[in-house]
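Let me begin by presenting the structure, written as structure tokens, before commenting on it.
The values are calculated or read from the model by the stated rules, or taken from the named source; none is laboratory data. Because the structure is predicted, anything quoted here is derived from the model rather than measured. Counting neighbours? That spans all protein chains shown, and the Cβs are built from the backbone with ideal geometry, glycine included. The area values use the complete protein model at the heavy-atom level, side chains included, leaving out ligands, DNA and RNA. Shrake-Rupley method; radii C 1.70, N 1.55, O 1.52, S 1.80 Å.
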Amino acid sequence: MLGVLPEIREEDIKFATRMAREYGDVVYFRVVNIPTYLVSHPDYIEDILVTNHRNFIKAIYLRESRRLFGDGLLTSDGETWVRERRLGQRAFRHDHIATYADTIVDYTERTVGKWRDGETRDIHQDMMRMTLEIIARVLFGKDLADEIEEAAAAINVYLDNFAERFGLYVVPEWVPTPGNLRYLRAMKRLDGIIYDAIREGRQSEDHHHSLLGGLLRAQAESGVPMTDQQLRDEMATLFFTGHETTGLALTWTLWLLGEHPEAEAKLLEELESVLGDRPVTLADIPNLKFTDWVIKESLRLYPPAYAVVREALNDCALGGYTIPKGATVAIFQWVVQRDPRWFEDPEAFHPERWADGLAERLPKFAYFPFGGGPRLCIGKDFALLEIAVALATILRRFTFRTVSGHPTWPLPSLTLRPEYGIKMIAHARRPVAA
Ligand code: HEM
């Protein structure tokens, strides 16, 4: 009845790795009533995400998250998606993502300013909170300080419920389980925050410098106005995707650095020689080479979006097999990016592996933390900028060491969150006052 669900529950993220290593690049199993193919060869992944992408839509797991994402960019398909992607791309361009570097420094400094030498912190909590504050500012052009707590709580309820529904054999979100009811209440609160911000954004004459402003300008130019509901879906989508993954990337990176003092020492040396005593600016980013390798390596080992999942619209051939219409195709970055065929000593954190053009030598879909093809992450440039700027800003002031005995385990929900948080001890490097 349950297919492999019990194994998935027991092994979590290790399940997919075991399937791929034991059974190969295309593996069939059933998750309750959902026929699923795990695909783990870069060439087949390219087939699905690029060459034959029209044959695939977003899978049921995401389509079932309508109360949060509605018809936003992440979950929509077909014509709706094409229109939204065009607007989204213009909004991101309009808004000159690069100009957000100062905002990121500013909010990171505020976060760091609250830390004290020697204290133990849950770095996951800190990074989620910080990236939420940053995305609120970037999306709406204003500080959502009062609403952040509520927004964060609502998003946590969504993620808990996502994992729970999956465990309950993919129960649709309209079924009134206690988890679903809690989730629907939380989404109502989030809607309140987002609709208020949209109302203010629409009233603002100068369409202040924000992604919402960029989107309003893009839709005005396109001649097809967006309804409040459409804007709400897009803003809710960007609010979630725009902070959850970057927060996790920073969390896992700080943890990896804490576990690898030799890599951390090289990173600090680079920051020292490029920045000296001053804050990081956009112009510094191309000179922070080792920082870039650390981020690449962290996204390889702990990809915050750890899987891309699709549903086949029609039968199609893949690696000598037929994927039938209606089947789910699961592609795990977690599995492929740790495959010994593409990465030597794949489980090791080794930023130097990215020297000498490894990225160019790899098969295209051996490393794809941001997905690929037409549905490549729209926020990729912003995310990479945010991670680099925030990391450099944090490490000028503090380094972290893991707390011995504190368990660290990635829990696959919609994203790859650390199940028990990540407790680390902060060590001040410079006076905290700016
Ligand atoms: C480290 C940070 C990030 C990672 C690892 C990441 C990863 C991904 C991946 C793998 C996808 C493709 C999903 C699929 O094909 O099913 C995606 C899509 C998307 N991402 Fe990101 N993302 C990050 C940051 C961001 C940011 C900062 C934003 C917004 C500001 C964002 C907005 C989106 C949106 C809207 C989509 C859907 C695009 C579409 O389908 O057209 N992401 N992301």
Using the heavy atoms of the protein chains and a 1.4 angstrom probe, tell me the accessible area per residue for segment 379-427 in square angstrom.
32 Å²
DSSP-assigned coil residues among trypsin sites (Lys or Arg not before Pro) in segment 110-147, each with at most 16 further Cβ atoms within 10 Å:
Lys114, Arg116, Lys142
For Phe398, list long-range residues whose amide hydrogen, built 1.01 Å from N in the peptide plane, is under 5 Å from its own amide hydrogen.
Arg429
Given charges of +1 on the Cβ of Lys and Arg and -1 on the Cβ of Asp and Glu, with all other atoms neutral, how large is the dipole of segment 65-156 about its Cα centre, in debye to the nearest 20?
420 debye
Formal net charge of residues neighbouring Glu119 (Cβ-Cβ distance under 15 Å; K, R +1; D, E -1)
+4
If you average the C-alpha positions of segment 300-318 and of segment 128-191 separately, how far apart do those two centres end up, in angstrom?
24 Å
Under a point-charge model restricted to the Cβ atoms of Lys and Arg (+1) and Asp and Glu (-1), what is the dipole moment magnitude of segment 112-222 relative to its Cα centre, in debye to the nearest 20?
240 debye
Lys/Arg Cβ at +1, Asp/Glu Cβ at -1, dipole of the chain taken about the Cα centre: which of Gly141, Ala426, Ser413 is farthest positive-ward?
Ser413
Out of Val274, Gly247, Ala154 - ranked by how far each Cα lies towards the positive end of the dipole of segment 143-282, with unit charges on the beta-carbon of charged residues - the top one is Ala154
What percentage of the solvent-accessible surface of the chain, computed with a 1.4 Å probe over protein heavy atoms, is contributed by carbon and sulfur atoms?
53 percent
Local charge sum around Glu11 (other residues, Cβ-Cβ under 14 Å, Lys/Arg +1, Asp/Glu -1)?
-1
Evaluate the relative contact order of segment 256-357 (contact order divided by residue number), counting alpha-carbon pairs under 8 angstrom at least 6 apart; express in whole percent.
27 percent
Note to self: with every protein chain in place and a 1.4 Å probe, segment 1-159 gives an accessible area per residue in Å² of 44 Å²
Pair-distance profile P(r), taking every C-alpha pair of the chain, with 10 angstrom steps and integer %:
4, 21, 31, 28, 14, 2, 0
Centroid-to-centroid separation of segment 18-51 and segment 326-360 [C-alpha atoms, Å]
16 Å
Heavy-atom surface of segment 247-370, accessible at 1.4 Å and reported per residue (Å²):
41 Å²
Kindly provide the GluC sites (Glu not before Pro) of segment 47-141 that DSSP labels as loop, not H, G, I, E or B, and whose Cβ sees at most 14 other Cβ atoms within 10 Å.
Glu119
Summed side-chain charge close to Arg397 - residues other than Arg397 whose Cβ falls under 9 Å, Lys, Arg +1, Asp, Glu -1:
+2
Filtering trypsin sites (Lys or Arg not before Pro) in segment 383-434 by DSSP loop and by at most 16 other Cβ atoms within 10 Å leaves Arg429
From Cα pairs below 8 angstrom and at least 6 apart in sequence, can you work out the relative contact order of the chain, rounded to a whole percent?
27 percent
Modelled FRET efficiency - R0 51 Å, Leu313 with Arg278, Cβ distances, 0.05 increments
0.45
Dipole magnitude (debye, nearest 20) for the chain, charges at Cβ of Lys, Arg, Asp, Glu:
580 debye
Subtract the Cα-Cα distance of Arg54 and Thr322 from 0.36 nm times their separation in residues, and report this length gain in nm to one decimal.
94.8 nm
With labels modelled as points extended 7 Å from the Cα through the Cβ direction, what inter-label distance (nm, one decimal) is found for Glu149 paired with Leu184?
2.7 nm
